[in-house]
Amino acid sequence: MSPVGRLLAGWVALGVSYTLIIVLDLPRPRYLPELGRFSLSAGPGVVAMGWYGAVLVAGTAGFLAWWAAGRVSMPRLGRAEERRVILGAFFFLLGAVLGLAWFELGGP
Amino acid sequence: MGRFGEASPVLMKLLLLLHAVVAVALAGAATHNGLLGLRGLKEELTPSRLDALYPRAVFWLYLGAVVLGSFLYPTFRVEVRAAYLDEALPLGSRLFELKEHLVALGLGALVIQRTLATRPQRTAAEDLLFHLGRVFVMFVVVYSGLVGLFLVSVRSV
């Protein structure tokens, strides 16, 4: 895959995995309040692990996607197609941003 | 012995000050970089030294701000957010969470704009992705700066 394809694959994988981790509430389970209380009493370092972990997992997913895309061969796209793919991926990621905003500001 | 992740208030204040200094420099660099990116999306730019300088500066300043912010995060999360914001100003907590999400997503754009900035001859596709990455990073930095400033004006670590 071209350098642009690899970079896009990495960014999209990072964005999708991070958004899923947050929207599924994995770093701070709202449905397990006892875990929240345990975390607060255990100290700030433990509470912060949720976000550190989310970034680490999403970053690893992005890196793996970038690496894996380098091993995939794809036919060369035309200039207009390349533009469509890039803009599609970019707006897809903007959709993830809007989803996260909805989740934090007006969601469940 | 303190709980895991607890740090002295003086150290936290110093870190916060350093975080703010880096963030101010980042805001300047990212805004210039992003505005060049916006122009690059509209018209073909003649290559300049700034095309390589701003993305490099933004890359290192962004990483610096993230690392410093990560050290502040545990104390902020418990001493400010859980102890005050969640009760007194829930919107502040939510805006802060969104800031952290944007910063995480911005890491991808950060790497992209840094990687493509060093290419001597960018293709049209590389050019498009390069400018989109710069604009995305600018958006993240401006939002984060404004929310950070707002929260510090309410209560800080």
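Read-outs: derived from the displayed coordinates by stated rules, not from any lab. Remember, predicted model here, so these are calculated numbers, not experimental data. Using ideal geometry, Cβ is built from the backbone for each residue, glycine included, and neighbour counts are taken over all protein chains shown.
Under the classification rounded if a/c is under 1.5, otherwise prolate if a/b is larger than b/c and oblate if not, where does the range A:47-101 fall, given a ≥ b ≥ c as square roots of the Cα gyration tensor eigenvalues? Before the final figure, lay out the partial values.
On the way: a/c = 6.11, a/b = 1.57, b/c = 3.89.
Taking the square roots of the gyration eigenvalues as a ≥ b ≥ c, the range A:47-101 is oblate.
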Under 5 Å between amide hydrogens, which residues at least 5 positions from B:E6 or on another chain qualify, with H placed 1.01 Å from N in the peptide plane? A:G45
How high is the relative contact order of chain B, given as a whole-number percent (alpha carbon pairs under 8 Å, six or more residues apart)? 38 percent
Per-residue Cβ neighbour rank within 10 angstrom, fewest leading, B:S93, B:S8: B:S8, B:S93
Using a Gaussian network model on chain B with a 10 Å cutoff between Cα atoms, which of B:R122, B:R49, B:R81 fluctuates the most? B:R49
For the range B:1-70 and the range B:78-157, what is the separation of their C-alpha centers, rounded to whole Å? 10 Å
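Tell me, B:V67, A:V55, A:V85 in order of fewest to most beta-carbon neighbours within 10 Å?
Fewest to most other Cβ atoms nearby, the residues stand as B:V67, A:V85, A:V55.
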Using Cβ contacts closer than 10 Å as the measure, can you line up B:L146, B:L110, A:L14 from fewest to most? B:L146, B:L110, A:L14
What value does the range B:45-131 have for Rg/Rh, both radii from Cα atoms and Rh as Kirkwood defines it? 1.16
So what are the ³J(HN,Hα) numbers for the range A:14-23, from phi and the Karplus equation (6.51, -1.76, 1.60; θ = phi - 60°), rounded to whole Hz, Gly and Pro as x? 4, x, 5, 5, 5, 4, 5, 4, 6, 5
